[in-house]
Every structure is written in structure tokens, then in C-alpha cells.
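The values are calculated or read from the model by the stated rules, or taken from the named source; none is laboratory data. All values derive from a computational prediction rather than experimental measurement. Heads up, the Cβs are rebuilt from the backbone with ideal geometry, glycines too, and the neighbour counts pull from every protein chain shown.
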Amino acid sequence: MRARTSAPAPGTPKASTMSSSQSPTECFVYIVLPGRTEFVTAGRFELTTDRHGIPTGRFVYGKSYLARDDAVPLDPVELKLRKGTFRTSAMKGVFGAIRDACPDFWGRRVIERHAGKSPLGELDYLLFSPHDRAGALGFGLNAEPPAPHREFNKTIHLEKLQSFADKLIADEDVPAGSEAEQVEELLLIGSATMGGARPKAVVEDDGALWIAKFNRPDDKWNHARVEHAMLTLARACGVRTAESHVVTAGRRDVLLVKRFDREKAGDVYLRARMVSGLTLLRAEDTHRDRDKWSYVVLAEELRRASAEPKADAPELFRRMCFNALISNTDDHPRNHAIIAKDADWKLSPAYDLTPATPMSIERRDLAMSCGDAGRYAHAGNLHSQSIRFLVEPDEARVIIDEIEQAVRARWYEIARKEGVTEKDCETISGAFVYDGFRLAAGLEM
Ligand SMILES: Nc1ncnc2c1ncn2[C@@H]1O[C@H](COP(=O)(O)OP(=O)(O)OP(=O)(O)O)[C@@H](O)[C@H]1O
Ligand SMILES: [Mg+2]
């Protein structure tokens, strides 16, 4: 690795000090409160490992934070506003709300690359590049929170960011470059904290922040165009989605998805709190916890957490049906979230909608259980527990029929209109209303 001389964002640990052996064991947790743009210190998080290697996380809200009239809890399920220490040994000792603010597969890779080693300690990942992460939380080693971040990547940086992402995917060493190149790389690192596996960066454009999702050289189709088309198709099916469009950088398409957890206020941003479906389910990302991944249970947790359960639970039902009808088998719990712009939590707009083309045309499974017959993406199975989504059985039948008809009738037209090529349409065509969706399977509606 070449020597890196540029300074990371304030509050960010220097790569040279990042190693698992020297990992910090505690940090401060900051939050941007509803309607505010500056961080305040909410509490302290400590992560230790005992001599058997069992991790324990501890979180305590600060006294001055609890004394505020406008204090809000970090999440609606676990870290309720109260004195005393919260403890967990689940999830490697990292509370769900904090884990949701951590980088995921892609972000971790960028950070490891920059640090020149892996794996790093959990807190190293958490402390790195504090300004762009999803939700309203920040982390640092100082009791005083950092100032709000004012500088973001712009869309004109996309080509550069994409080329760095390509090198990282190819695992090529990034050649020694000018100071300017190092700064560009740090910009990418600075926006590496959004979750997910696909290469991405955050850019500012048109007075808003956008997640830029890059195509990978090994993609089987143009993901940027197809994902944008799926968001458009979902809206045509009555699903509330994130806003998106496709831009071209260096002759390649890049999907821009507008961030729903940020809203511009002057030259800084208001931030909404955000926790994933995984946190609502109190589940881990691992296969061991797979039996906790359930739309039905998520609907019930959502009904408890949401200020608008009568709107949000049926909306989740619609998303589940839509995912089954486009064979979005990557609909894992991190692809669902709730957000709080003020004190109230609501289901976030839908995002990360991608079709899949498994070989089987008889049975396809969603990532989460969706009814009496488990994960089976089948009309009768989706219908079987509709009442838990606050959808009466008759109404559920109508919703399933409507989405089925809309997907069948409109996927191709919308995909072509949004720039998906004829060849890519052919490749993904098997994803839509697959045969098994209505197979006679003893799952009558
Ligand atoms: N419009 C948005 N506004 C705010 N946060 C978002 C938005 N879209 C996605 N996110 C957050 O960023 C994360 C990564 O985004 P996304 O799921 O689209 O990426 P991905 O790499 O395709 O994910 P996966 O690993 O599921 O394939 C999400 O899990 C969610 O936390
Ligand atoms: Mg995702």
C-alpha cells in the first residue's frame, strides 16, 4: 500500500492507528435531534470481550442528554430513554441501532483497504468517517461532538469514485497518485458508511444527498437501470418508494437514490433516525438467525413501533407481494427500515428492489418468511397471514391480484422506458410473475 498523507475527516481515527490490537473499547454516541442540524452527545458505548472471547456491549445515556426536553431514544425497541446501563451479548455486543449505523460489506471493504489490513475491531469500523452514515447517529472519541459536515462529493466526482470502486472490486492496488487522487479516495471512504454490499458512494446534487450505486463489471445486467425501473414499477403498483434516477459517469450508468434520512436546511442537513428491519426483529445478519427473519413478525413489530400502524402494516404487505412478483429474493431485513424525522417512527420508503432469475419456475423463496408456508413466494402463502398486516382477507386478495396484473402488464414497458435494453429485458424476464406464484399447492386463498 502506498503511504497516505491526506487527513481524514475530523474525528476520524487515522488509518495508521487502526489495528485490532489497538482498537478502542469505548466511544461517545452523538445524535442530531429532530429539527436540529448539530450533533449533541447522547451517551457512551463500550464494547469489551471477556477471556472466553464473549463480547459484551454496554450503553448508557448521558445525564445531560436525559435532562433535555427534546431527548429521543436511539431506537424504538431496545434503548429506551432511561438511566442505567443497557447490556447485550447478542450481535457481537453491538446494539441494533448502533449496528445499523455501522458500515456493511462494501463500507468495511473500503475502510479495510484504506487501513491496509483486516479485520479491524468493531469500534474501528464504527469510528471511521462519521459524517455520511445512515440515520442520525455519529460516533467519536471526544465527549464534544464534531461540527456538522458541510462538504460532500458532487456528481462530477462520480467517474473518479466509480473507478476507485472498480479497482477495489478487482482488488488491484491503487497506484500511487497525486495528492488530489488521495483526496478523491478519502472522499469515497468518507461515504463508505452506507450499508449494503454493492459499491456505492454518497453525492450531493440538486440540494439533496443521493446514494450513488455503481454497476459492477461482473453484473449480469445493467443494475442501475433495472433497479431504477423496479422502483418505478413498484410505484405503479402502489408501493411508496425512494426517488431515483440514472446518470451517466464516464459512459457508465449510475443509479442515484435520494436519501430519505436527510433533508437540506441551509448549508447542512437535518437527519432522521433510522433502524433496520433486522433491529426491529432483534435478529442478526447470519444464517443462524434466519428463522427470525419474517415479514409477519416484522409487521407486528412495525405495528408497535410505528406512529401510523394502519398505513405502514398494509404498506409492508404490498411490498412483500411486490417482491414475490418480481422475484426479489434479496429482500432481507436490512432492506427494510423505519425512520423518525421527528419523535415518531414510520416505515421508510422502499429501496433496493432487484429482480432475480432463479432456475426454478415452480418454487421461489423470499429471504423472509411471508406466511403459513414459510418463505414460499406464493399467492396463497402471502394471503395466509394478511390480517397480521391489518389487511382483511378479501382486501388482501384484491391487492395480490392488482399487483400481479400490474407487474405482468407493465414491467416490460416501464423497463424499456427507463432505458433497460432489449437484451437485459430478455435476461430478467423470468423474474416477473413466475409460474409457481399461482401453482396449485394446497395454499388456496
Ligand atoms: N434512499 C435511501 N435513503 C437512506 N438510506 C438508504 C436509502 N437506500 C438505502 N439506504 C440504506 O443504505 C443501505 C444500502 O443500500 P442498498 O440496500 O440499496 O444497497 P445494496 O448494496 O444493494 O444492498 P444489499 O447488500 O442488500 O444488496 C440500506 O441497507 C439502507 O440502510
Ligand atoms: Mg440492501
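Which one is farthest from ligand 1 (Cβ to nearest atom) among residues in the range 330-372 that are in contact (Cβ under 8 Å) with a residue 40 or more places away in the chain, closer than 15 Å to W293 by Cβ and over 20 Å from the mean Cα position of the chain (by Cα)?
Filtering the range 330-372 for residues that are in contact (Cβ under 8 Å) with a residue 40 or more places away in the chain, closer than 15 Å to W293 by Cβ and over 20 Å from the mean Cα position of the chain (by Cα), the one farthest from ligand 1 (Cβ to nearest atom) comes out as G371.
Return the only residue of K264, K292 being free of Cβ contacts under 8 Å to residues at least 60 places away in the same chain and within 21 Å of L33 (Cα to Cα).
Numbers: K292 fails: within 21 Å of L33 (Cα to Cα).
After ruling out the rest, the residue left standing is K264.
When the residues of the range 227-245 are narrowed to those that are in a helix (DSSP H, G or I) and closer than 16 Å to K200 by Cα, which ends up farthest from the chain's Cα centre (by Cα)? Before the answer, list the steps.
Just the residues of the range 227-245 that are in a helix (DSSP H, G or I), to begin with: 227-236.
Then drop every residue that is not closer than 16 Å to K200 by Cα, which leaves 227-228.
On the way: E227: 15, H228: 16 Å.
Result: H228.
What are the residue pairs meeting all of these: first residue in the range 183-209, first residue farther than 21 Å from A170 by Cβ and among the polar types (S, T, N, Q), second residue at pLDDT 60 or above and within 11 Å of ligand 1 (Cβ to nearest atom), Cβ atoms under 6 Å, and 6 or more apart or on different chains?
Pairs that qualify, where the first residue is farther than 21 Å from A170 by Cβ and among the polar types (S, T, N, Q) and the partner is at pLDDT 60 or above and within 11 Å of ligand 1 (Cβ to nearest atom), are T193/P103; T193/G107; T193/D132; T193/R133.
Could you grab me the full set of residues in the range 409-422 that are closer than 18 Å to N323 by Cα and either in contact (Cβ under 8 Å) with a residue 40 or more places away in the chain or not in a helix (DSSP H, G or I) (or both)? Break it down stepwise before answering.
Restricting attention to the range 409-422, the residues satisfying the condition of being closer than 18 Å to N323 by Cα are 409-412, 414-415.
Residues satisfying the conditions are R410, W411, I414, A415.
Kindly provide the set of residues from the range 328-364 that are more than 16 Å from ligand 2 (Cβ to nearest atom) and out of contact with any strand residue (DSSP E or B) (no Cβ under 7 Å at 6 or more places or on another chain), ordered by number.
K341, D342, A343, D344, T357, P358, M359, S360, I361, E362, R364
What's the total number of residues in the range 49-76 that are at pLDDT 95 or above and either surrounded by 14 or more Cβ atoms within 10 Å (Cβ to Cβ) or under 17 Å from G121 (Cβ atoms) (or both)? Even if it seems obvious, please write down each step before you answer.
From the range 49-76, those at pLDDT 95 or above are 56-76; that's our starting set.
Add one more test, that the residue is either surrounded by 14 or more Cβ atoms within 10 Å (Cβ to Cβ) or under 17 Å from G121 (Cβ atoms) (or both), and what stays is 56-62, 65-66, 71-76.
Qualifying residue count for the region: 15.
What's the total number of residues in the range 355-382 that are of a type in the set (S, T, Y) and surrounded by fewer than 21 Cβ atoms within 10 Å (Cβ to Cβ)?
Result for the range 355-382: 2.
Do you know which residues across the range 432-441 are touching a helix residue (DSSP H, G or I) at 6+ places or on another chain (Cβ under 8 Å) and not in a loop (DSSP other than H, G, I, E, B)? Steps first, answer last, please.
The first filter runs over the range 432-441 and keeps only residues touching a helix residue (DSSP H, G or I) at 6+ places or on another chain (Cβ under 8 Å), leaving 432-433, 437-438, 441.
If the condition is that a residue be touching a helix residue (DSSP H, G or I) at 6+ places or on another chain (Cβ under 8 Å) and not in a loop (DSSP other than H, G, I, E, B), then F437, R438 are the ones that fit.
List the number of the failed condition for R282; all other conditions in (1) crowded, with 20+ Cβ neighbours inside 10 Å; (2) within 18 Å of the chain's Cα centre (by Cα); (3) in contact (Cβ under 8 Å) with a residue 40 or more places away in the chain hold.
Checking R282 against (1) crowded, with 20+ Cβ neighbours inside 10 Å; (2) within 18 Å of the chain's Cα centre (by Cα); (3) in contact (Cβ under 8 Å) with a residue 40 or more places away in the chain, the one that fails is (1).
Is it true that some residue in the range 102-115 is among the β-branched types (V, I, T), more than 16 Å from ligand 2 (Cβ to nearest atom), under 24 Å from G53 (Cβ atoms) and modelled with pLDDT of 85 or more?
no
Check V391 against each of (1) among the hydrophobic types (A, V, I, L, M, F, W, C); (2) over 30 Å from V254 (Cβ atoms); (3) surrounded by fewer than 17 Cβ atoms within 10 Å (Cβ to Cβ) and name the one condition it does not meet.
So the condition that V391 fails would be (3).
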